[in-house]
Amino acid sequence: MDPTVIAAITGILGVILGAVIGGIFALKATKRQVEVMLLQSRGGVNERLYSQSLEIMRFFAENPELRPYFYDNKDLNEAPSELEKLKVLSTAEMVSGFMELVALQLTEQPAEIQPRWKAYIVDGYNSSAVMREHIATCTAWYADDFLRLLPANLQTALKDESN
């Protein structure tokens with residue numbers, strides 16, 4: 001075989017091999033870059049959720065008369081004034097909206113944190129008659145990702161309502 005043909009074939013194989021190796025390194029670098037971006041995104045989502053959670057805790061600290069409606073199943077009919085009833089109802093919308101946001105962002109959370117946020121939603125729902133009434137009355141306002149996390153009795157009621 002002609003030495004120039006062998007040299008040409010060797011050169012072509014060298015270029016192909018170099019391209020493959022370079023491509024592998026480029027793919028690994030791109031994969032690492034995407035992983036870093038996902039971690040940063042997760043961290044940002046987690047930080048925002050915790051920040052909003054702290055705002056809600058601060059709200060309850062500043063309005064302690066509302067806390068029993070959300071943590072002790074206090075009935076709305078026990079409110080001493082119409083103003084307090086309105087505050088409780090507005091707070092129910094705020095807390096439900098936050099719970100929905102948590103549910104929508106759940107998959108962006110690290111796997112070890114997801115059960116804790118789910119427990120937050122379920123416990124909040126179970127410990128507040130006001131929340132249960134609000135969500136049952138306004139289910140159309142909320143995403144299915146949120147509603148699916150709630151206890152089975154609400155799910156049954158929702159299925160009966162849609163039939």
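Residue count for the range 142-163, restricted to those that are of a type in the set (Phe, Trp, Tyr) and at pLDDT below 95: 0.
Could you list, in sequence order, the residues of the range 98-120 that are β-branched (Val, Ile, Thr) and free of Cβ contacts under 8 Å to residues at least 40 places away in the same chain?
107
Criterion applied to 111, 129 was being modelled with pLDDT under 95 and under 21 Å from residue 144 (Cα atoms), and the one residue passing it is 111.
From the list 58, 32, 48, the one residue that fits, being at pLDDT 70 or above and either of a type in the set (Phe, Trp, Tyr) or over 30 Å from residue 128 (Cβ atoms) (or both), is 32. Within the range 67-85, the set of residues being over 21 Å from residue 116 (Cβ atoms), open to solvent by 80 Å² or more (accessible area, probe 1.4 Å) and in contact (Cβ under 8 Å) with a residue 40 or more places away in the chain comprises 72 only. Selection of the range 17-29 for residues being open to solvent by less than 90 Å² (accessible area, probe 1.4 Å) and at pLDDT 75 or above yields 18, 19, 20, 21, 22, 23, 24.
The helices (runs of 4 or more DSSP H) found wholly in the range 54-163 and carrying at least 2 residues that are farther than 30 Å from residue 44 by Cα occupy 67-71, 82-105, 129-137, 152-162. Residue 123 satisfies every condition listed in (1) open to solvent by 30 Å² or more (accessible area, probe 1.4 Å); (2) under 19 Å from the mean Cα position of the chain (by Cα); (3) touching a residue at least 40 places away in the same chain (Cβ under 8 Å) except (3). Residue pairs whose Cβ atoms lie under 9 Å apart, separated by 6 or more positions or on different chains, with the first residue in the range 51-66 and in contact (Cβ under 8 Å) with a residue 40 or more places away in the chain and the second hydroxyl-bearing (Ser, Thr, Tyr), are 53/120; 56/91.
The values are calculated or read from the model by the stated rules, or taken from the named source; none is laboratory data. Small disclaimer: the values here were computed from a predicted structure and weren't measured. Glycine also receives a Cβ, built like all others from the backbone with ideal geometry; neighbour counts cover every protein chain displayed. These area figures cover heavy atoms from the full protein model, side chains too; ligands, DNA and RNA do not enter into them. Shrake-Rupley method; radii C 1.70, N 1.55, O 1.52, S 1.80 Å.
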